[in-house]
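These notes concern the structure reproduced below.
The values are calculated or read from the model by the stated rules, or taken from the named source; none is laboratory data. Owing to the predicted nature of the structure, the values given are computational and were not obtained by experimental measurement. Cβ placement follows ideal geometry from the backbone for every residue including glycine, while neighbour counts extend to all protein chains displayed. Accessible surface areas use protein heavy atoms only, side chains included; no ligands, DNA or RNA. Shrake-Rupley method; radii C 1.70, N 1.55, O 1.52, S 1.80 Å.
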Amino acid sequence: MRQEHGITVAVYPGSFDPVTYGHLDIIHRAAKVFDKLIVAVLNNTSKNALFSLEERIELLRKVTADLPNVEIDGFRDLMVNYMKARNVRLIVRGLRAVSDFEYELQMASTNHKLNPDVETFFMTSKPQFSYLSSSIVKEIAKFHGPVEELVPAEVEEELRRKFPQT
């Protein structure tokens, strides 16, 4: 664990395109476990993001403004390289369903292989968020469906701008 003057720091990485209540649940819970939580927004070049990296960072800053021990950052590199640059050894990942576990286990094992000092902590989603994904939110918003119970108001507003009614 990284100790920064006696504090434990962890990174919660993800695309957050857009941030959902499921993501926020993990952020709030992890912020209670770790002294400092860095929410690291990935610029994944293999995905066609709806929101730019800067937009996702700004939305996350808005919806986590009430959490003083949460920092929002962006990265465009391998996770282990980002971890090394930030001198952090703990990764937090959320699990919604068993189907997430296989992928997340593969990623955790790969990260550990690339840097044996990196450890991954899994947090299971609350049942009310187990179905929720950014992809589902974007699909609903694209067809002007209701997303207010899936994302914060700031995110809903930005989704409406991306998918205006014609």
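Of note:
- Dipole check for region 1-88: with +1 at the C-beta of Lys and Arg, -1 at the C-beta of Asp and Glu, and the Cα centre as origin, the magnitude is about 200 Debye.
- Lysine pairs in the chain with Cα atoms under 26 Å, if 8 or more residues apart or on separate chains: 22
- Accessible surface of the chain, 1.4 Å probe, proportion on carbon and sulfur as whole %: 52
- Under a 5 Å amide H cut-off, with hydrogens placed 1.01 Å from N, residue 121 pairs with 91, 92, 93 among residues at least 5 apart or on other chains.
- Probing with 1.4 Å while keeping every protein chain in the model, the per residue accessible area of the chain equals 55 Å².
- Note on region 15-166: with charges restricted to the Cβ of Lys and Arg (+1) and Asp and Glu (-1), its dipole about the Cα centre is near 260 debye.
- Sparsely packed loop sites in region 11-114 (the trypsin sites (Lys or Arg not before Pro) outside DSSP H, G, I, E and B with at most 12 other Cβ atoms within 10 Å) comprise 47, 76.
- Put simply, when 15-21, 114-120 are sorted by average Cβ atoms within 10 angstrom per residue, most first, you get 15-21, 114-120.
- Alpha-carbon centroid distance for the pair region 12-44 / region 112-130, whole angstrom: 12
- The distance linking region 143-166 with region 62-103 is 25 Å (Cα centroid to Cα centroid, whole angstrom).
- Measuring only protein heavy atoms, the 1.4 Å probe finds residue 123 accessible over about 30 Å².
- Beta-bridge orientation, the chain: approximately 15 percent antiparallel, per DSSP, counting only bridges with both partners inside.
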